[in-house]
Amino acid sequence: MKFLTAPFILLVRFYQGAISPFTPAACRFEPTCSSYMIQALQTHGLFYGGYLGIKRILRCHPWGGKGYDPVPTSPQPSPKKREKENKK
């Protein structure tokens, strides 16, 4: 599965080294959005990790949140799954 995420991680690393130094620091979160994307891809793989990273980038704006926001260690269960677990 690492071979699927490696090209995307390389793209983010390219952004961090070649583009980000020339733009103003604007990320409102810790870790930064690009670091969050890499951690999410490494932890959760291409699809769920990519989803988490994109969701985070979309929240990074002046009216969004700010502060410490780590990558979740495990995926959140769907509402149907939670309902089934609560009935047990």
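The values are calculated or read from the model by the stated rules, or taken from the named source; none is laboratory data. Keep in mind that what you see is a predicted model, and the values were worked out from it rather than measured. All Cβ positions, even for glycine, are placed from backbone atoms using ideal geometry, and neighbour counts span all protein chains on display. Just the protein is used for accessible areas: all its heavy atoms, side chains included, with ligands, DNA and RNA removed. Shrake-Rupley method; radii C 1.70, N 1.55, O 1.52, S 1.80 Å.
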*Can you confirm whether the range 17-34 contains a residue that is under 10 Å from the mean Cα position of the chain (by Cα) and part of a helix (DSSP H, G or I)?*
yes
*Kindly indicate the residue of the range 61-76 that is modelled with pLDDT of 90 or more and open to solvent by less than 80 Å² (accessible area, probe 1.4 Å) and also farthest from the chain's Cα centre (by Cα) among those meeting that condition.*
GLY67
*On the given criteria, is TYR48 within 28 Å of PHE3 (Cβ to Cβ), among the hydroxyl-bearing types (Ser, Thr, Tyr) and either open to solvent by 80 Å² or more (accessible area, probe 1.4 Å) or modelled with pLDDT of 95 or more (or both)?*
no
*In the range 18-36, is there at least one residue being open to solvent by less than 90 Å² (accessible area, probe 1.4 Å), touching a helix residue (DSSP H, G or I) at 6+ places or on another chain (Cβ under 8 Å) and on the phi > 0 side of the Ramachandran plot?*
no
